[in-house]
Amino acid sequence: MGLDMSKFQSLSDHGNVLVMNSRQEWLAKLDEAKRSGKVIVVDFTATWCGPCKAMAPIFVDLSKQFEQLIFVKVDVDALKDVAQDWSVQAMPTFIFIKDGKLLDKIVGANKSELQRKAAMYATGG
């Protein structure tokens, strides 16, 4: 009998990360980013994914560091259609989107690559 960590998740710091709870919410955020010209950084995650949990605080830290980017989290089990739309097949997968188009994709828990690409897109790269 293990400890149910989901009860503590709401107590954790989410920084500037927005959790998408529906396809409509996702589409609205995508549209908002298009209108503002901002880059969206998406963390495709799953509650059962160990590497996803390890990357979560790094994603939160980046959301605080690069406020010019929009950081969102998508649970692939809750929003399967969104994950399919972006051809997500492994977790974690991080994608960078601008104007509704894929700029970049990182598959796996690659902290240094995520940090590097976030910094690059935050500075207009």
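The mean sequence distance of close C-alpha pairs (under 8 Å, at least 6 residues apart), as a share of the length of region 30-77, puts its relative contact order at 52 percent.
Counting only alpha carbon atoms, the long axis of helix 23-36 and the longest principal axis of the chain meet at about 30°. Beta bridges per DSSP, both residues in the chain: antiparallel share near 50 percent.
With everything on Cα atoms, drop me the angle between helix 111-122 and the longest principal axis of the chain, reported from 0 to 90° to the nearest 10. Tilt of helix 111-122: around 30 degrees. If you take the Cα centroid of region 64-118 and the Cα centroid of region 43-57, the two points sit 12 Å apart.
For Rg and Dmax of the Cα atoms in Å, the value calculated from this model appears in (i) 15.1, 49; (ii) 32.4, 97; (iii) 13.9, 48 under label (iii).
On a 1.4 Å probe surface of the protein chains, which of L69, L18 comes out largest in accessible area, and what is the full order? Walk me through the numbers before you get to the answer.
Working: L69 10, L18 70 Å².
Listed by decreasing accessible area, they come as L18, L69.
Computed from Cα positions, the angle between helix 50-65 and the longest principal axis of the chain comes to roughly 40 degrees. Site pair A122 and K80 shows an inter-label distance of 3.6 nm when each label is modelled 7 Å from Cα along Cα→Cβ. Helical content alone sets the calculated 222 nm signal of the chain at -12500 deg cm²/dmol, taking -39,500 (n - 2.57) per DSSP H segment of four or more residues and averaging over every residue.
With contacts taken as Cα pairs under 8 Å at a separation of at least 6 residues, the chain carries a relative contact order of 31 percent.
Here's the picture: a label point sits 7 Å out from the Cα of S36 along the beta-carbon direction, and within region 56-72 the residues with their amide nitrogen under 20 Å of it are 59-72.
The values are calculated or read from the model by the stated rules, or taken from the named source; none is laboratory data. What you are looking at is a predicted structure, and each value in this text was computed from that prediction instead of being measured. Note that each Cβ is placed from the backbone with ideal geometry, even for glycine, and that neighbours are counted across all protein chains shown. In case anyone asks, the SASA skips ligands and DNA or RNA and just uses the protein heavy atoms, side chains included. Shrake-Rupley method; radii C 1.70, N 1.55, O 1.52, S 1.80 Å.
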